[in-house]
Amino acid sequence: MLAGVDLEEGVEDSYFDYCPWDFAHRASAAQRAAQSTHQERLAEAGANLGPRCYVSSAAAVFTDVLRLGADSYIAGYAYVTGEVRAGRDCSVNPYATVRGRVTLGDGVRIGAHASLLGFNHGFAPEEPVHRQPLTSKGIVLGDDVWIGSNVVVLDGVTIGDHCVVGAGAVVTKDLAPWTIAAGNPARPLRDRRGGGGSGTTGPEREVSDSVAEFAERARAQAADVLARCWNDDTGRYSDRPGVSATVRAHCDAVEISDLLLDAPPKQLSAAEHAERLRELQDPVSGLVPELAPGGGRGTLPAPAHDGWIEDGIAEYHVLSVGYALELLGSRFAHPVHVVDRMTARQLVARLEALPWRTQTWAAGAWVDCWATGAYRNRDVGGETSGGPGALEALFGWLSTRVDPWTGMWGAAPSPAEGRLQLVNGYYRLTRGSFAQFGLPVPYAERVVDTVLAHARDPRWFTAGRQNACNVLDVAHPLWLAGRQTRHREGDVRAWASEQLTSALGRWRDGAGFGFGPAGEGGSGPGREPGLQGTEMWLAIIWLLADLVGVSDRLGYRPRGVHRPEPTRSTMFAMP
């Protein structure tokens, strides 16, 4: 008899605690029945396990949320708590610890005795540690990641696709895709695709150093950037001095402070920031209108026949307020009812009626709002939004309406009109749908072709003509499609490098970034530095730097509206 194996009787139960990868083809009928019963108990507690998963009964699994994609397993004596979401073919090996808010992509391996700690204690001096509140920024691992034995990954870290982290490392900062890292603290050793060190020489090294210098400069001045837009008399933020306070300005302040200072803006405590934003939500519709002249909650238009309320500012607040509250460790007080009450039939009717041929950006923005509302409602109410199948209807409709020649939604552009509406609408649509829910975009190579063709349009991308909206709406689709294809990788990198160099020079000391020249139709706050421009350009710089391969030098990664990763793996069963 071999250890744990009786050649006549089969494999002992304890064998699978240590070798769960063998369960699918070596378990007996009785062992399969016992595993099925164990998974049923987990499902009764709210777990969602895909086909051919295995969870050892010897593992300590006490989760608020557990999602495992197909062919994933949790081995014996692992300790798993909090909100854990994993894609397909993921493994949590014996004695590993996965706690807090942790999201894994596909094909992730967590070695024995490794610890992913997606939460943290406060340690202010006035209170004992055991009485300090817990915080959780979450840990995100991309696809095809190998975490070696005894590795520790701390809260707030994102590890990109295809990374390898050597045994015993302590990961305290984000790792760019393809990085091989080791040490305490973990440091990049080389690119897994080849080359040593940071992989940069000459001009690339200059860009890398410029990125690091910019980040240090921005971090040192972040408090002043926020303070210049705070009004002590009203207790509100304005985008820039001399203009009215807005809801978005408050949200932008929260995002900037989270990125650069890793803390809420010091004008208020986290709880006070959250309460200021939560009280602005209309309990009937679930939307957040713009501030009233006196600073309180504003009013909304009357609803349309399907219950939707046509208010572009309030629609964007579903994004900006929702993400700001998430960064503050809070959430909406009420569901987004205009989304929650919309049936699949009503949703499809509204999608059909959106102005796809004439105002693709507006159509994409509506999809962004509705899908984000569905995501937020899961946080508040624990269920997906709308009538039965509404969210599935959204993705079904989008998947059958995309143009296979461009990868876009909307009308084919004319030479005079260009591709601005088409590409900018694509960004908004995919941000809230495919990107937010972690689903692959259709026709990724065609997306790259279409977006790069738009990026050559001198009306929007020559020196002095770029604004934050137009550059973001190219950078994010290229980044998103780049997760699925390396099509025209050199062209993408060249464009991103040029735009990155330009963007770094836009920072104004003590004031931040201006949005840039007014967008199409005069939209956008213009060239003067303000919170909106600062928040957007900080996210753009990360995306551009990541396309170039130097984002690790920034020391930050967007976690709000413009975050690159999905907010959760998925909210509904996908094949």
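Evaluating kT/(6 pi eta Rh) at 10 °C and 1.306 mPa s, with the Kirkwood radius of the stretch 5-191 over Cα pairs in the Stokes-Einstein relation, gives 93 µm² s⁻¹.
Farthest towards the positive end of the charge dipole of the chain, among the residues ALA75, GLY482, PRO265, is the Cα of GLY482, using unit charges on the Cβ of Lys, Arg, Asp and Glu.
Shown in residue order for the stretch 75-85 are the 3J(HN,Hα) couplings computed by the Karplus curve 6.51 cos²θ - 1.76 cosθ + 1.60 at θ = phi - 60°: 7, x, 6, 5, 10, 10, 9, x, 10, 10, 10 Hz (x for Gly and Pro). 3J(HN,Hα) along the stretch 548-553: 7, x, 10, 5, 5, 6 Hz, from the Karplus curve 6.51 cos²θ - 1.76 cosθ + 1.60 with θ = phi - 60°, whole Hz, x for Gly and Pro.
Just for the chain, what percent of DSSP beta bridges are antiparallel, to the closest 5? Please list the in-between numbers first.
Details: 15 of 57 bridges.
The antiparallel proportion sits near 25 percent.
Qualifying trypsin sites (Lys or Arg not before Pro) in the stretch 220-273, where qualification requires a DSSP coil assignment and no more than 14 other C-beta atoms within 10 Å, comprise LYS266. Taking Cα atoms, how many degrees apart are the long axis of helix 390-401 and the longest axis of the chain, rounded to 10 and kept between 0 and 90? Roughly 70 degrees between the two axes. Over all other residues within a Cβ to Cβ distance under 9 Å of GLY516, the charged ones net out to +3, with Lys and Arg as +1 and Asp and Glu as -1.
Relative contact order for the chain: what percent, with Cα pairs under 8 Å and sequence separation of 6 or more?
On the way: 1197 pairs, mean separation 52.5, N = 575.
RCO, the chain: 9 percent.
Each residue of the stretch 253-267 is assigned a 3J(HN,Hα), and the resulting list reads 4, 4, 5, 4, 5, 5, 5, 9, 10, 6, 6, x, x, 6, 5 Hz, derived from the Karplus form 6.51 cos²θ - 1.76 cosθ + 1.60 (θ = phi - 60°), x at Gly and Pro. Percent of Cα pairs in the stretch 82-128 per distance bin of 5 Å, from zero to the largest separation: 6, 19, 23, 23, 9, 7, 6, 5, 2, 0. Pairs of alpha carbons in the stretch 303-349 separated by more than 13 Å make up 63% of all such pairs.
For the chain, what is the mean residue ellipticity at 222 nm derived from helices alone (per DSSP H run of n ≥ 4: -39500 (n - 2.57); sum divided by total residues; nearest 500 deg cm²/dmol)?
-12000 deg cm²/dmol
Of TYR54, TYR443, the sequence from fewest to most neighbouring Cβ atoms within 10 angstrom is TYR443, TYR54.
For the stretch 5-191, averaging the sequence separation of C-alpha pairs within contact (under 8 Å, six or more residues apart) and dividing by the residue count gives a relative contact order of 11 percent.
The C-alpha atoms of the chain define a longest principal axis, and helix 29-44 lies at about 30 degrees to it. If you take all C-alpha pairs in the stretch 402-560, what percent of them are over 20 Å apart? Summing the P(r) tail past 20 Å for the stretch 402-560 gives 48 percent. Amide H of LYS137: which non-local residues (sequence gap of 5 or more, or other chain) have their own amide H closer than 5 Å, using H built in the peptide plane? Excluding prolines and chain starts, which carry no amide H, the hits are GLY156.
Shape analysis of the stretch 1-104 yields a ratio of the Cα radius of gyration to the Kirkwood radius, Rg/Rh, of 0.97. Applying D = kT/(6 pi eta Rh) to the chain, where Rh is the Kirkwood radius over alpha-carbon pairs, T corresponds to 25 °C and eta to 0.890 mPa s, the Stokes-Einstein value obtained is 99 µm²/s. Between VAL171 and VAL152, VAL153, LEU154, ALA186, the built amide H atoms are under 5 Å apart, and every one of these is 5 or more places off in sequence or on another chain.
Only alpha carbons enter this Debye calculation for the stretch 409-451, each as an equal point scatterer, and the log10 of I(q)/I(0) it gives at q = 0.20, 0.25, 0.29 Å⁻¹ is -0.65, -0.93, -1.12. For LEU189, the amide hydrogen comes within under 5 Å of the amide hydrogens of ILE180, ALA181, ALA182, counting only partners 5 or more places away or on other chains and with H modelled in the peptide plane.
In loop segments of the stretch 417-501 as defined by DSSP, the GluC sites (Glu not before Pro) with at most 13 further C-beta atoms inside 10 Å of their C-beta are GLU417.
Bear in mind that the values in this text are calculations on the coordinates, not laboratory data. All values derive from a computational prediction rather than experimental measurement. Glycine also receives a Cβ, built like all others from the backbone with ideal geometry; neighbour counts cover every protein chain displayed.
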